[in-house]
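**Student:** To start, I am sharing the structure in question, which I have written as structure tokens.
Please treat every number below as a calculation from the coordinates, not as lab data. Here the structure is a predicted model, which means the values were calculated and not measured. As a convention, Cβ positions derive from the backbone with ideal geometry for all residues, glycine included, and neighbour counts pool all protein chains shown.
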Amino acid sequence: MVKNISEVGVENFVQAGLDVEEAKDFDTVLKNTISRTNTTDPKEIWRQIVAERLLKPSHPHELHQLIYYSVYANWDASTKGPPLYWFPSLYRSRQTNLGRLMEKHGSELLGTSYKDPITSYTLFQEFSVRNPEAYWSLVLKELSVSFRKVPKCILDRTDKSKRSGSWLPHSVFNIAECCLLPTSHPRKEDDSLAVVWRDEGCDDDSFVNHMTLKELREQVMLVANALDATFSKGDAIAIDMPMNVNAVIIYLAIVLAGFVVVSIADSFATNEIATRLRVSKARGVFTQDFILRGGRKFPLYSRVAEAAPHLAIVLPAIGSNVGIQLREQDLSWHDFLSRVDHLPRKNYYSPVYQPVDSVTNILFSSGTTGDPKAIPWTQLSPIRCAADSWSHNDNQVGDVFCWPTNLGWVMGPILLYSCFLTGSTLALYHGSPLSRGFGKFVQDARVTILGTVPSLVKAWKSTQCMKGLDWTKIRTIYEHETETMDLKHGLCRSFCSTGEASSVDDDLWLASRAYYGPIIECCGGTELASSYIMGSQLQPQAFGAFSTKSMTTGLVIFDEHGIPYPEEQACVGEVGLFPQLMGATDRLLNADHEKVYFKGMPMYNGTQLRRHGDILKRTVGGYLIVQGRSDDTMNLGGIKTSSVEIERVCDRADESILETAAVSVAPKSGGPEQLIIFVVLNKGYNSEPDELKKKFSKAIQSNLNPLFKVSLVKIVPEFPRTASNKLLRRVLRDQVKHELSVRSRM
């Protein structure tokens, strides 16, 4: 039973890890703090505790837990909504990107309804949904987007060939050039820091490598010239390598030169690489000889070479020369770049300007059967993701943005464009984000916005590898105007989190590393080019929850009959998105876009909703919590995959297996989904679950992704099925949820 905050005392603080004298001092300060609040409202008590920095990053996590859970011990979430841990101040809200925009244009757009950025945020978000032309005309001026040929309008609603209408019609530009040129708004100059990075193994050194905008542009143009000497215009060219500074240069060069990036994660097995190269019709691939992680070398080129008859351009993981023998048709990075040694201006390149709907990047998302969906990003997609970072994460010039990811996942391109189109500095760690070295890089690079996935946070918390590091440059956003001086020094704004469901306690640990700065939760998809629900720095935040729809995003939550719930009603149901989403896909390369995203979806106010597939819970107060997927697609460690893909591998893992069924279950306490494999055995076999668990894990990691792991194996006599023999994974999922719930109560 959790004690109320008024009941905790010195003995509890000692049990939480303080020594006796520290506990006595803490008790005195806590009681004085609570007394000064002069209220029993838990929100106000917690707000005051955070504002006075009573809880410090150096305190044991057990103390942070004790105080937070004791403050909210009697909180009834069913009537009050989720407990809140961060609150915006009016002073600070007016200095955010979106708040500044609202203060300048709010009265003009909302009339007398406009009050201030906090009070009027919801009204402004709703206005952006109804009037996206007005919103985007303002935001485009805030980003580094320059047109070779300006659009005739923001949105042509008369274009019925696209459900979303035609965005920025007739415009011509190059989005990579927009990333590389100096601009006055946002203020980017040639000597501005574009990228900072550190290689794993250099963690004892406080030095951080850096590259200015001019240096980045020259490197990109050098590679663009080499691309022209190697490929034909319009070719699709894959990148299968860690997201390091060279990968970023290659990505921008491919787009600048009018080619198409094919994104492949460096963790994929050979057959998954081959599938993506085949589907995208890639003509070449950039890769590395090895991947360095945790002091170990993992082969990458050998996997790519086995998968691809294509030309491979191979970069060295260490030093200037590749450490392996290449195939005859392949090129080393040095030999590739030397193809332009004869050019008098090899560091200059004239960009290839293209229409707005030209494809610049092919990304992939797992479908429920067959090949992964090939999702094309046009030049609209980077604008969308950068605009959401600008408005929700508050990316500004001078920020240093770090998010361990890969160009094979949607967060890679999102991170790249979110930095270069807002004027922020991109921070890259060339190594494992699970290591203390990563945390020291965050400290030394003075990272101001740190992106995570919940499984990373869980690992940092459990291993305590970040203990003693100073992450307070991750700027907390203070409640009191007198405490905003840090705003002038480029210190950190916030954390961000995406990829999977966040655990409240893991979020508590993360926020406590930087005096309880906000964690901007993000949930979206590759096909949306960004998030559809997010946190906002203009709203109070709750752990593991989303406070708002992203700007210009409209959605409804509907029941099993397709009937929308009223907007203010707390409910649980499938989400449907309004189709007018700038930057979202209007095509797939290897699937029927209409069938995948619209067929069978309900109508709302005369418009057919767009499918996303999430089950959402809307709480009292309007906060949103993702409850899982409406289909059999699962989210493992932030990577979406399908039950069918998992089962196809597991069915072949042992001769005793007749068939398998894969489901994922989110723990009741929150956190990442756990993979559960149900098994029906062939007659005459008597395999043990633990032995099958080992075999399944090995097969999945070898054939699908080395990051996936099996949490539980259950052997059953048969599977539940429909009359047409369709497997009812939902029933199996409910069974295991019930079993785990019973266990947790024992």
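**Student:** Tell me which GluC sites (Glu not before Pro) from region 535-595 have a DSSP coil assignment and no more than 13 other beta carbons within 10 Å of their own.
**Tutor:** GLU560, GLU567, GLU568
**Student:** So for region 5-75, taking the charge dipole from beta-carbon charges (+1 Lys/Arg, -1 Asp/Glu), which of THR28, ASN38, HIS64 sits furthest toward the positive end?
**Tutor:** Checking the options against the dipole of region 5-75, the answer is ASN38.
**Student:** Given region 136-182, what whole percent of its Cα pairs are spread farther than 14 Å? The partial results should precede the final answer.
**Tutor:** Details: 603 of 1081 pairs.
Of all Cα-Cα distances in region 136-182, 56 percent exceed 14 Å.
**Student:** Something else now. Give the residue from VAL304, TYR348, PRO316 lying farthest towards the positive end of the charge dipole for region 283-381; charges sit on Cβ (+1 for Lys and Arg, -1 for Asp and Glu) and the dipole is referred to the Cα centre.
**Tutor:** PRO316
**Student:** A follow-up question, please. Give the Rg/Rh ratio for region 380-480, taking Rg as the radius of gyration of the Cα atoms and Rh as the Kirkwood radius, to two decimals. Spell out each step's value before the answer.
**Tutor:** Numbers: Rg = 13.8 Å, Rh = 14.2 Å.
Reported Rg/Rh, Kirkwood definition of Rh: 0.97.
**Student:** As a test of understanding, state the convex hull volume per residue of region 515-599 from its alpha carbons, in Å³.
**Tutor:** Considering the Cα atoms of region 515-599, their hull volume per residue is 128 Å³.
**Student:** Let me ask you something else. Treat the count of other C-beta atoms within 10 Å as a stand-in for reagent exposure and order PHE441, PHE259 from fewest to most.
**Tutor:** Lowest to highest Cβ neighbour count: PHE259, PHE441.
**Student:** A further question on this structure: Counting each DSSP H run of 4 or more residues in the chain as -39500 (n - 2.57), what helix-only mean residue ellipticity at 222 nm follows after dividing by all residues, to the nearest 500 deg cm²/dmol? Write down the numbers at each step before the final one.
**Tutor:** Values: 24 runs with 234 residues, N = 746.
The per-residue figure over the chain is -9000 deg cm²/dmol.
**Student:** For THR122 and ASP191, calculate 0.36 nm times their separation in residues minus their Cα-Cα distance, and state this gained length in nm to one decimal.
**Tutor:** Values: separation 69, 0.36 × 69 = 24.84 nm, distance 3.87 nm.
Working it through step by step, the gained length comes to 21.0 nm.
**Student:** Check the straight Cα-Cα distances from LYS3 and name the lysines below 26 Å, setting aside those fewer than 8 residues away within the same chain.
**Tutor:** Within the straight-line limit of under 26 Å, LYS3 reaches these lysines: LYS24, LYS31, LYS43, LYS56, LYS80, LYS458, LYS461, LYS668.
**Student:** Principal axes first, then extents: for the Cα atoms of region 57-128, list largest minus smallest coordinate on each axis, whole Å, largest first.
**Tutor:** 49, 32, 17
**Student:** Now, a different point. Would you calculate the separation in nanometres between label points at HIS170 and LYS214, each defined as 7 Å from the Cα along the Cα-to-beta-carbon direction?
**Tutor:** Calculated label separation equals 3.9 nm.
**Student:** Beyond 35 Å, how much of the Cα-Cα pair distribution for region 172-576 remains, as a whole percent?
**Tutor:** 26 percent
**Student:** Assigning unit charges at the beta carbon (Lys, Arg +1; Asp, Glu -1) and nothing else, what dipole magnitude in debye, to the nearest 20, does region 201-262 show about its Cα centre? If you can, show how the numbers build up before the last one.
**Tutor:** Numbers: 3 positive and 8 negative charges, 78 e Å.
In debye, rounded to 20, region 201-262 gives about 380.
**Student:** Which value, to two decimals, describes the C-alpha radius of gyration of region 217-297 once divided by 2.2 N^0.38 Å?
**Tutor:** Ratio of Rg to 2.2 N^0.38 Å for region 217-297: 1.11.
**Student:** Using alpha carbons only, what's the Rg to Rh ratio of region 5-75 with Rh from Kirkwood?
**Tutor:** Working: Rg = 11.2 Å, Rh = 12.1 Å.
That ratio is 0.92, to two decimals.
**Student:** Which value in nm describes the separation of the simple spin-label points at SER320 and VAL716, placed 7 Å from the Cα toward the beta carbon?
**Tutor:** Roughly 6.1 nm, to one decimal.
**Student:** Which log10 I(q)/I(0) values does region 145-241 give at q = 0.17, 0.21, 0.24, 0.25 Å⁻¹ under the Debye formula, counting every alpha carbon as one identical point scatterer?
**Tutor:** -1.02, -1.13, -1.18, -1.21
**Student:** Can you tell me the dipole magnitude for the chain around its Cα centre, using point charges on the Cβ only (Lys, Arg +1; Asp, Glu -1), in Debye to the nearest 20?
**Tutor:** Dipole of the chain, to the nearest 20 debye: 1140 debye.
**Student:** To the nearest 0.05, how large is the calculated FRET efficiency for ASN32 and SER232 if R₀ is 45 Å and r is the Cβ-Cβ distance?
**Tutor:** The formula returns an efficiency of 0.05 here.
**Student:** Provide the convex hull volume over Cα atoms per residue for the chain, in Å³.
**Tutor:** Taking only Cα atoms, the chain has a hull volume of 173 Å³ per residue.
**Student:** Any chance you could run the full-extension gain for SER6 through GLN329? It's 0.36 nm times the residue separation minus the Cα-Cα distance, nm to one decimal.
**Tutor:** My answer for the length gained is 109.0 nm.
**Student:** If we count other beta carbons within 10 Å of each Cβ, what is the order of ARG611, ARG157, ARG436, ARG276, fewest first?
**Tutor:** ARG157, ARG436, ARG611, ARG276
**Student:** Separate question: Using 10 Å bins from zero, what percent of all Cα-Cα pairs in region 549-669 falls into each bin?
**Tutor:** 11, 34, 34, 15, 5, 0
**Student:** Could you work out how much longer the chain between SER302 and HIS105 gets when fully extended? Use 0.36 nm per residue separation minus the Cα distance between them, nm to one decimal.
**Tutor:** Here the segment from SER302 to HIS105 would lengthen by 65.3 nm.
**Student:** Turning to a different aspect of this structure: Which order results if ILE249, ILE700 are arranged by neighbouring Cβ count within 10 Å, fewest first?
**Tutor:** Taking fewest neighbouring Cβ atoms as first place, the list is ILE249, ILE700.
**Student:** Using the Cα centre as the reference, give the magnitude of the dipole from point charges on the C-beta atoms of region 5-75 (Lys, Arg: +1; Asp, Glu: -1; all else neutral), rounded to the nearest 20 debye. Intermediate results must be reported in sequence, preceding the final value.
**Tutor:** Numbers: 7 positive and 11 negative charges, 69 e Å.
So the dipole magnitude of region 5-75 works out to roughly 340 debye.
**Student:** Same structure, new question: What's the Kirkwood radius of region 632-745 in Å, using all Cα pairs?
**Tutor:** Roughly 14.4 Å, rounded to one decimal.
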